[in-house]
Amino acid sequence: MSTAIDADRAVRGSSPEAFPGWVVWLASSAPLVAGAVGSAASSLSVAVVVVVMCSAVVVSWTDAALRRIPNVMCVSLVVFTLAAVVLLGDASPIQVLIGSSVTALPFGVLHLINPRWVGFGDVKLLAALGGTLGLLSAGAGLAVLWLAGLAVIVTRAWVSEDWRRSVPFGFWLSLCSVPVAVVVAVA
């Protein structure tokens, strides 16, 4: 338990207002840079895969260690998605909106019913990931939801009692988004 607290203090600093620390801010800018380099170097598909991989590292670590999903990460994904739609013109804005809303809406409703079921950070991450994956396919976000839900159910038996009360769902969402992005980009 003290390791999670030490990791929390290393990133957040001593006060709760310090979250996210400079490490998270710096790591959250990686998807923007990677996406810009990937889209300049080759195609939108490669850029989306690189952005999703970079964001998965940041989100999975912060959600597992700190039980928080940094807003700056969600904003970073949205900025990349908007820039891809506006500057590249390869993606349909309608497809991005459908991907974002279809992915986030079910969990947004669950959060409104009972905030202990699903945290709002997970809902924001789903909206951002759904939009980013919507650059490739409007239904890719739903595939991430299904895979992450399956991963939570399968691994629940091996998870400690502390984690069973509040599963860090952002961890699974970010990890499951990588293979979905790769499969959709290749297909």
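The values are calculated or read from the model by the stated rules, or taken from the named source; none is laboratory data. Since we're looking at a predicted model, the values are computed, not measured. Cβ: placed from backbone, ideal geometry, glycine included. Neighbour counts: every protein chain shown.
If you check A127, A138, A148 for being in contact (Cβ under 8 Å) with a residue 24 or more places away in the chain and more than 18 Å from S55 (Cα to Cα), only one passes: A138.
Collect the residues in segment 40-56 that are among the β-branched types (V, I, T) and free of Cβ contacts under 8 Å to residues at least 60 places away in the same chain, keeping them in residue-number order. Let's see the steps before the verdict.
Residues of segment 40-56 among the β-branched types (V, I, T): 46, 48-52.
Listed by number, the list holds a single entry, V50.
Among the conditions (1) over 17 Å from C74 (Cα atoms); (2) of a type outside the set (A, V, I, L, M, F, W, C); (3) under 14 Å from the mean Cα position of the chain (by Cα), G130 misses just one, which is (1).
Within segment 112-122, is even one residue at pLDDT below 90, touching a His at 6+ places or on another chain (Cβ under 9 Å) and buried (at least 23 other Cβ atoms within 10 Å of the Cβ)? So far as segment 112-122 goes, yes, one or more of its residues are at pLDDT below 90, touching a His at 6+ places or on another chain (Cβ under 9 Å) and buried (at least 23 other Cβ atoms within 10 Å of the Cβ).
Among the residues of segment 172-186, are any within 16 Å of the chain's Cα centre (by Cα), in a loop (DSSP other than H, G, I, E, B) and within 23 Å of V79 (Cα to Cα)? For segment 172-186, residues within 16 Å of the chain's Cα centre (by Cα), in a loop (DSSP other than H, G, I, E, B) and within 23 Å of V79 (Cα to Cα): absent. Looking only at residues in segment 132-187 that are β-branched (V, I, T), farther than 22 Å from P115 by Cα and modelled with pLDDT of 85 or more, the one that is surrounded by the most Cβ atoms within 10 Å (Cβ to Cβ) is T132. Counting only helices (runs of 4 or more DSSP H) that sit wholly inside segment 18-90, those with at least 1 residues that are at pLDDT 80 or above and either surrounded by fewer than 18 Cβ atoms within 10 Å (Cβ to Cβ) or among the acidic types (D, E) (or both) are 44-66, 71-83.
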